[in-house]
Amino acid sequence: MTRARVDAWCWAVRLFPTRSAAGAACRAGHVRVNGQRAKPATLVVPGDEVVVRGGAWERVVVVQRLIIKRVGAPVAVTCYLDRTPAPPPKAEVVVVARRDRGAGRPTKRERRLTDQLRGRTDR
């Protein structure tokens, strides 16, 4: 086998849970082969770069070996070279004052302290 359909290959190497999901992603423009939008029937060969976008994440893989039958995860990993960039570091979360659930409304003193923490001045 020298070529395989991109939807079948993506499903076989476990980039998508079902073949229909792989085909739908191709039709929606979420799959690119060598920088070009790929239809489900687009053929891939070893050495092609496949970019799969889904929500906030993006996978960049290079085809190493062609398969069209779904295989186990350890075997699937050997069929592509993962070039996905590392995710950006998470921003530090600012600590926000929280009250215990069921503690009721804050008192006037607690409101003043909260305003001071937030940098608000007396009105």
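The values are calculated or read from the model by the stated rules, or taken from the named source; none is laboratory data. Source: prediction; values computed, not measured. Note that we place each Cβ from the backbone using ideal geometry, even for glycine, and neighbour counts take in every protein chain shown. Please note that ligands, DNA and RNA were not included when accessible areas were found on the heavy atoms of the full protein model with its side chains. Shrake-Rupley method; radii C 1.70, N 1.55, O 1.52, S 1.80 Å.
General observations
- Using alpha-carbon coordinates, inclination of helix 108-118 to the longest axis of the chain, degrees: 50 degrees
- What the phi angles of the stretch 65-75 give under the Karplus curve with 6.51, -1.76 and 1.60, with θ = phi - 60°, is a coupling list of 9, 8, 9, 10, 9, 5, 10, x, 4, x, 6 Hz, glycine and proline written as x.
- If you wrap the tightest convex hull around every Cα atom of the chain and split its volume per residue, you get 199 Å³.
- Of the trypsin sites (Lys or Arg not before Pro) found in the stretch 1-65, those in coil by DSSP whose Cβ has at most 16 other Cβ atoms within 10 Å are Arg3, Arg14, Arg65.
- Per atom type, the chain shows carbon and sulfur on 53% of its accessible surface, probed at 1.4 Å.
- Using a Gaussian network model of the chain in which every pair of alpha carbons under 10 angstrom is joined by a spring, one finds that among Pro89, Pro17, Pro74 the greatest mean-square fluctuation is at Pro89.
- Residue-normalised accessible area of the chain, expressed per residue, 1.4 Å probe, Å²: 75 Å²
- Scanning residues 5 or more positions from Gly54 or on other chains, those with amide H under 5 Å from its amide H are Arg59, with H placed 1.01 Å from N in the peptide plane.
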